[in-house]
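Below is one structure, written out as structure tokens; the observations come after it.
The values are calculated or read from the model by the stated rules, or taken from the named source; none is laboratory data. As the structure is a computational prediction, the values presented were derived from the model and not from experiment. Backbone-built Cβ (ideal geometry, glycine too); neighbour counts: all protein chains shown.
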Amino acid sequence: MTAIPERLVVLLAEDDENDLFIVQRVFKRLGKAVRLIAVSDGDEVIAYLSGDGKYSDRQAWPIPNVVFLDQWMPRISGTDVLCWIRTEPRYRSLPVVLMSGGLSPAQREFADRFKAAHCAKDVEPKNLMQVIGRAVGAALGLTTDGQPTWASTLRHSLFTGPEPIRVWT
């Protein structure tokens, strides 16, 4: 199981401003327990994780505990970034969540094969907090017995909700 951080650093790759706004609001509800860093495309995710350019200062731009990737981004797709992450030795076990408006069975199988949790973005906004919370829990390999201190902010929604989330340990 992954060690649970006191403060979760989340790297979010999202190119749609409306989706970004909604996801940011969900994470903002978690307060200071989460630091959300948003980028707009796959190139920027790779630059961030590589520590290139403005991302070279790891005090300002720490390695994330979990990465949320939009499936459909310009330049480099979420699945291509996931492939890159899994081929980088230092990031092979980095928790990743692949988000999409709807994943086909083949895309879900791909996410499973590359050990990424997956979640739908096309849920009602009132349910999105549960979906994202459960995806974070799944990506970090949490169980109901191993909730971190920030999980109480989610009001136990990490493990409830309509959509099953795949967990790898």
Val34 vs. criteria among the hydrophobic types (A, V, I, L, M, F, W, C), buried (at least 17 other Cβ atoms within 10 Å of the Cβ), touching a helix residue (DSSP H, G or I) at 6+ places or on another chain (Cβ under 6 Å) and at pLDDT 95 or above
no
If only one of Arg75, Arg58, Arg90 is farther than 26 Å from Gln107 by Cα, over 15 Å from the mean Cα position of the chain (by Cα) and exposed (fewer than 14 other Cβ atoms within 10 Å of the Cβ), which one is it?
Arg58
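Which members of the range 61-77 meet the condition of being of a type in the set (Val, Ile, Thr) and over 14 Å from Val23 (Cβ atoms)?
So in the range 61-77, the residues of a type in the set (Val, Ile, Thr) come out as 63, 66-67, 76.
Matches in the range 61-77: Ile63, Ile76.
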For Thr87: the one exception among (1) out of contact with any helix residue (DSSP H, G or I) (no Cβ under 8 Å at 6 or more places or on another chain); (2) on the phi > 0 side of the Ramachandran plot:
(2)
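Mind checking which residues of the range 93-109 are of a type in the set (D, E, K, R) and surrounded by 13 or more Cβ atoms within 10 Å (Cβ to Cβ)? Spell out how you get there, then give the answer.
Of all residues in the range 93-109, those of a type in the set (D, E, K, R) come to 108-109.
Within the range 93-109, just Arg108 meets the criteria.
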Kindly provide the set of residues from the range 32-70 that are within 12 Å of Ile85 (Cα to Cα), of a type in the set (A, V, I, L, M) and either touching an Asp or Glu at 6+ places or on another chain (Cβ under 9 Å) or without any contact (Cβ under 8 Å) to a residue 24 or more places away in the chain (or both), ordered by number.
Ile46, Ala47, Leu49, Leu69
Of all residues in the range 40-55, which are buried (at least 20 other Cβ atoms within 10 Å of the Cβ) and either among the acidic types (Asp, Glu) or modelled with pLDDT under 95 (or both)?
Gly42, Glu44
Checking Gln130 against (1) at pLDDT below 75; (2) of a type in the set (S, T, N, Q); (3) out of contact with any Ser or Thr (no Cβ under 7 Å at 6 or more places or on another chain), which single condition isn't satisfied?
(3)
